[in-house]
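Q: Below is one structure. I have some questions about it.
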Ligand SMILES: [Zn+2]
């Protein structure tokens, strides 16, 4: 076992896996297995109103049915709030309460890389306002990292995001904080995930530095797009994937990743061939690729042709 490679897959249990999330699950599993490393599963269930136990069960059944078995115990973000609170305390010198409403921020802000750039209104104190969220103070330094596939990504957080939220007005810890704390706890060395998160990564690198946590290697694979160029998601009615879909979908997903077909055989044999053939450099270095036939097949959504 290669302790130098620790990967993970981190789905949100808000519905079944779909072809887009299965693509990143497969890529991260292959990357870990091809390097003899370990692969962890983390359930990102912080957004409790939208997460269900049924969806979690469905995801676990699907991964098991595909033969994508994880190492070690499953972790759930909902059990980790004490660790997020501890990280927030550790960064006390860099964070401050913010009393701005969403509307105020939208009205007074320029657009950045991922929504409005927070104008720093509460940096010097709340005044008459009540604290709603907790933000981290960013600086003017460039943050750059080299993605294994997408190349160099560079941002200046003061210009591109502004001071960003770590603890939300609704009481939930922000994704940016949770993912950094959890990856550090697991000792993740290689994050393989969808390129829709590429623009979040510099914020995560910034938090890693404040927390003294190492920065993992990153491999952001293209996300699958529907015919109108939208990322496949539950909202765009992406095809749900179940345990029984592996034989049919495996080679189609591998083709999206620029990998060769596995040919005939049992699923374990085919997965082993995919591991042996895994060449991350052959993945298209794009943020998104058309899902094509993966999107239009609907075997699990009622129109059963089998
Ligand atoms: Zn504010």
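Read-outs throughout are calculated quantities, based only on the coordinates presented, and are distinct from any laboratory measurement. Please read all numbers here as calculations on a predicted model, not as lab measurements. Cβ placement follows ideal geometry from the backbone for every residue including glycine, while neighbour counts extend to all protein chains displayed.
Q: Taking the chain as a Gaussian network, Cα atoms linked when under 10 Å apart, which of 155, 90, 176 shows the biggest mean-square fluctuation?
A: Maximum among the listed residues: 90.
Q: A follow-up question, please. What order do you get for 173, 145 when you list them from fewest to most C-beta neighbours inside 10 Å? Please list the in-between numbers first.
A: Details: 173 22, 145 18.
Result, fewest neighbours first: 145, 173.
Q: Assuming a ≥ b ≥ c are the square roots of the Cα gyration tensor eigenvalues, decide whether region 150-306 counts as rounded (a/c under 1.5), prolate (otherwise, with a/b larger than b/c) or oblate. Before the final figure, lay out the partial values.
A: Details: a/c = 2.09, a/b = 1.66, b/c = 1.26.
Since a/c reaches 1.5 and a/b is larger than b/c, the shape of region 150-306 is classed as prolate.
Q: Give, as ranges by residue number, the residues of region 6-42 whose backbone N falls under 20 Å from the point 7 Å along Cα→Cβ of residue 53.
A: Zone members listed by number: 11-17, 42.
Q: Shape of region 1-114 from its Cα gyration tensor (a ≥ b ≥ c, root eigenvalues): rounded if a/c is under 1.5, otherwise prolate when a/b > b/c, or oblate? Mind dumping the intermediate values first?
A: Numbers: a/c = 2.03, a/b = 1.68, b/c = 1.21.
It is prolate, given that a/c is not under 1.5 and a/b is the larger ratio.
Q: If you don't mind, there's one more thing I want to ask. Using the number of other C-beta atoms within 10 angstrom as an exposure proxy, rank 183, 58 with the fewest first. All intermediate terms of the calculation are to be shown ahead of the outcome.
A: Numbers: 183 23, 58 19.
Ascending number of Cβ neighbours within 10 Å: 58, 183.
Q: Would you work out the relative contact order for region 188-306, in percent, from Cα pairs under 8 angstrom that are 6 or more residues apart?
A: Details: 133 pairs, mean separation 35.5, N = 119.
Worked out over region 188-306, it gives 30 percent.
Q: Any idea what angle helix 267-277 forms with the longest principal axis of the chain, computed on alpha-carbon atoms, 0 to 90 degrees, nearest 10?
A: The helix 267-277 is inclined about 70 degrees to the chain.
Q: Treating the Cα atoms of the chain as identical point scatterers in vacuum, please give the log10 of the normalised Debye intensity I(q)/I(0) at q = 0.09, 0.14, 0.15 Å⁻¹, two decimals.
A: -0.47, -1.12, -1.26
Q: If you don't mind, another one. Just rank 251, 142, 182, fewest to most, by other beta-carbon atoms within 10 angstrom. Intermediate results must be reported in sequence, preceding the final value.
A: Numbers: 251 16, 142 11, 182 20.
If I rank by nearby Cβ atoms, fewest first, I get 142, 251, 182.
Q: What is the pair-distance distribution P(r) of region 83-175, computed from all Cα-Cα distances in 10 Å bins starting at 0, with each bin given as a whole percent?
A: Answer for region 83-175: a P(r) of 16, 44, 32, 8, 1 percent.
Q: For Cα pairs less than 8 Å apart in space and 6+ apart in sequence, what is the mean separation divided by the residue count of region 83-175, i.e. the relative contact order in percent? Present the calculation step by step, with values, prior to reporting the outcome.
A: On the way: 144 pairs, mean separation 27.3, N = 93.
Taking the mean separation of contacting Cα pairs over the length of region 83-175, I get 29 percent.
Q: What length, rounded to one decimal in nm, is gained on full extension from residue 130 through to residue 255, with 0.36 nm per residue of separation minus their alpha-carbon distance? If you can, show how the numbers build up before the last one.
A: Details: separation 125, 0.36 × 125 = 45.00 nm, distance 5.22 nm.
Computed gain between residue 130 and residue 255 is 39.8 nm.
Q: I would also like to ask the following. Run the quick spin-label model on residue 279 and residue 106: label points 7 Å from Cα toward the beta carbon, then report their separation in nm to one decimal.
A: Distance between label points: 4.8 nm.
Q: Contact order normalised by length for the chain, with contacts defined as Cα pairs under 8 Å and 6 or more residues apart; what percent is it?
A: Values: 552 pairs, mean separation 64.3, N = 306.
Relative CO of the chain lands at 21 percent.
Q: Suppose R0 equals 22 Å. What FRET efficiency, 1/(1 + (r/R0)^6) with r the Cβ-Cβ distance, do residue 227 and residue 197 give to the nearest 0.05?
A: 0.45
Q: Determine the distance separating the Cα centre of region 69-140 from the Cα centre of region 207-221; give it in Å without decimals.
A: 18
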